[in-house]
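Undergrad: Please read through the structure below; I'll follow up with questions.
The values are calculated or read from the model by the stated rules, or taken from the named source; none is laboratory data. Every value quoted in this text rests on a predicted model; they were computed, and no experiment measured them. Heads up, the Cβs are rebuilt from the backbone with ideal geometry, glycines too, and the neighbour counts pull from every protein chain shown.
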Amino acid sequence: MKVGYKAIGGAALLAMALTACAGGGADKPKAASSEAAKEQAATIPGSTTNPVAYDQVADGGTLKLALGLWQTQWNYNQVNGTNASTDDVIEPIIPLVAIANDKAEVTNNPDYVTEWKMELTGDKQVVTYKIHEKATWSDGTPMTYKDFQAQWKALNGSNKKYQVSSTDGYDRVESVEKGATDKDVVVTFSKNYPDWPGMFSPLYPASTNETPEAFNKGWIDKLPITAGPFKVESVDQTTKTATLVRDDKWWGQKAKLDKVIFRTIEDTAKLNAFANGEIDAVEIPASASDLKRAKGVPDVDIRKAAAPNWRHFTVNGSSEFLKDKSVRQAVQLGINREVIAQSDLKDMDWPIQTLNNHLYMNTHKGYVDNSGELGKYNPEKAKQLLDAAGWKQEGEYRKKDGKEFAIRFTVPSSLPTAKQEGELTQAMLKEIGIKVTVEPVPVDKFFDDFIIPGNFDIVPFSWLGTPFPNGALPQIYKTPVSAENFGSNFPRTGTPELDKLIDQAAGEMDPVKAIELGNQADKLIWDLVHTIPMYQRPDIYATKKNLANYGSFGYSDKSWASIGFTK
């Protein structure tokens, strides 16, 4: 399935100076009241895209968009490929078996699967798919059950040589077989899986998944096979640009646009590029000054939506200084999340409220505040925990066995927001005797060289979600199989009790009970201090006013054939 969450490094820009009171004490700015923030959140639409009927969209034109990070790995299911930049480029060219609307309602995508059906037969869950008769890969190979079968075998976790970002759903499948024809797929589960509609999205050709070598390396620096309304014209490593053009062999609704160009632009330069007409839309996740400036661009439209995306700090439980859970709890208690939320979101026309759940957003029906005492800023309690763990204050900072408690807060060098979050954290944790060094690293190395290999102590980034929030449980929070096989569990922590709840939640067919189990698991995740949630991330876009069917999508998928410009 399209994994529960995909990673994105940036929170965009924030032009706010640190103040003298950045440490986090009682005189700090506070987040908006809970009730006021809830009322504001209730007014945020599910999506804002300037919806225009297909026949009212002009034929032709080029859509120019920015990527925040240039990818070398274009296999979204491979651990290095599961991020927003990969997703942006592959959506117009790689099959999504399922599509979602802005209410998180998921249906089959008729361009690829004309019908699907799920049945519970005895103790078996069986899902059948009928592939579109005309569905064909760009190399001329028909799309068949073999593509589903090969992807299941690659992602089910049985062969550890496949470096997968998630085994969600696939590890519960017993078999994927041919039905009445090669276009009929029969998927039989060994354990129930309620989120089955999200599986096989994106779907890669069988050739991608046949061997670990092909899976791990076959899509590095190239997009060799496609099947969508667009195809690849070029992938330019020098200019870090991917150019897609309309695919005339596409069997579905003809794409309105002639061309889509994705160009990598540093976050600091994106708004300038938009204002200068170099790109047609720009995301503004957390920058009051950028939002104000964007509103002043001629013929601009500001579009926002309540999306399943959230900002957080990942805490490395395998780090030398953070292996002890009580020490991680002290770190969490020593960080004033309200100050960070206020700093990042001030004047953004967005609810300023901390996020107190790792699965369900503030605007989701399943949201419950599970943070307990760990969700409250409490430096005195933090000091007590550190004392009990043997980290004694000696001068400015704490020491244990002669070693100073010194950790790194690793940030992408081009993102001022992340740097400011690091400086705020640095000041806050100094108050409890922990030395923090803000470590800027190249943005294109942030994931591959630091987060994925575990070369960090604390890192800030955002998870971008899907309509399947419980999918985050096994993907991010289940105990890693090994140091090399950890899915997206970058902290590399977990417990048997949490794993048991994760398995129960992942297999619960009753949606109400599934949410209850998810919230039970969330309480354990808070206790573990695996990840420190900050806030539901703004989904705000500035676009050209005449750009149709594009903007802030919330939970919904893009309909690439109908995106274009008004007549």
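Undergrad: Applying the selection to segment 359-394, what residues are over 34 Å from the mean Cα position of the chain (by Cα), assigned to a loop (DSSP other than H, G, I, E, B) and exposed (fewer than 14 other Cβ atoms within 10 Å of the Cβ)?
TA: GLY390
Undergrad: Let me ask something else. Among the residues in segment 348-356, are any assigned to a loop (DSSP other than H, G, I, E, B) and surrounded by fewer than 17 Cβ atoms within 10 Å (Cβ to Cβ)?
TA: Taking every residue of segment 348-356 in turn, at least one turns out to be assigned to a loop (DSSP other than H, G, I, E, B) and surrounded by fewer than 17 Cβ atoms within 10 Å (Cβ to Cβ).
Undergrad: Any chance you could count how many residues in segment 132-165 are under 24 Å from PRO92 (Cβ atoms), touching a strand residue (DSSP E or B) at 6+ places or on another chain (Cβ under 9 Å) and not charged (D, E, K, R)?
TA: Residues in segment 132-165 being under 24 Å from PRO92 (Cβ atoms), touching a strand residue (DSSP E or B) at 6+ places or on another chain (Cβ under 9 Å) and not charged (D, E, K, R): 14 in total.
Undergrad: Collect the residues in segment 246-263 that are assigned to a strand (DSSP E or B) and more than 12 Å from TRP560 (Cα to Cα), keeping them in residue-number order.
TA: ILE261, PHE262, ARG263
Undergrad: Can you tell me which residues in segment 129-178 are more than 25 Å from ASP247 (Cβ to Cβ), hydroxyl-bearing (Ser, Thr, Tyr) and not in a helix (DSSP H, G or I)?
TA: Answer for segment 129-178, where residues must be more than 25 Å from ASP247 (Cβ to Cβ), hydroxyl-bearing (Ser, Thr, Tyr) and not in a helix (DSSP H, G or I): SER158, TYR162, SER165, SER166, THR167, SER175.
Undergrad: Tally up the residues in segment 395-423 that are under 29 Å from PRO285 (Cβ atoms), in a strand (DSSP E or B) and not basic (Lys, Arg), please.
TA: Residues meeting the conditions: 5.
Undergrad: For segment 47-71, name all the residues that are hydrophobic (A, V, I, L, M, F, W, C) and in a strand (DSSP E or B).
TA: Those that are hydrophobic (A, V, I, L, M, F, W, C) and in a strand (DSSP E or B): VAL57, LEU63, LEU65, ALA66, LEU67.
Undergrad: Please pick out the residue among LYS117, LYS153, LYS146, LYS130 that is in contact with a Ser or Thr (Cβ under 6 Å, 6 or more places away or on another chain), of a type in the set (Lys, Arg) and surrounded by 15 or more Cβ atoms within 10 Å (Cβ to Cβ).
TA: None of the others qualify; the one that does is LYS130.
Undergrad: Same structure, new question: Exactly one condition in (1) over 30 Å from GLN520 (Cα atoms); (2) in contact with a Lys or Arg (Cβ under 8 Å, 6 or more places away or on another chain); (3) assigned to a loop (DSSP other than H, G, I, E, B) is false for VAL297; which is it?
TA: Single failed check for VAL297: (2).
Undergrad: Right, something else. Can you tell me which residues in segment 488-504 are crowded, with 23+ Cβ neighbours inside 10 Å and outside any helix (DSSP H, G or I)?
TA: Answer for segment 488-504, where residues must be crowded, with 23+ Cβ neighbours inside 10 Å and outside any helix (DSSP H, G or I): SER488, PHE490, PRO491, THR493.
Undergrad: Here are ASP168, ASP111, ASP147: which of them is modelled with pLDDT under 95 and acidic (Asp, Glu)?
TA: Sole residue among the options that is modelled with pLDDT under 95 and acidic (Asp, Glu): ASP168.
Undergrad: Here's another thing I want to ask about it. Inspect segment 107-125 for any residue being part of a strand (DSSP E or B), basic (Lys, Arg) and either free of Cβ contacts under 8 Å to residues at least 60 places away in the same chain or farther than 19 Å from TYR555 by Cβ (or both) and give the result as yes or no.
TA: yes
Undergrad: What's the total number of residues in segment 402-426 that are touching a residue at least 60 places away in the same chain (Cβ under 8 Å) and surrounded by fewer than 18 Cβ atoms within 10 Å (Cβ to Cβ)?
TA: Number satisfying all stated conditions: 2.
Undergrad: So which residues in segment 234-252 are out of contact with any strand residue (DSSP E or B) (no Cβ under 8 Å at 6 or more places or on another chain) and exposed (fewer than 14 other Cβ atoms within 10 Å of the Cβ)?
TA: Hits for segment 234-252 are GLN237, THR238, ASP248.
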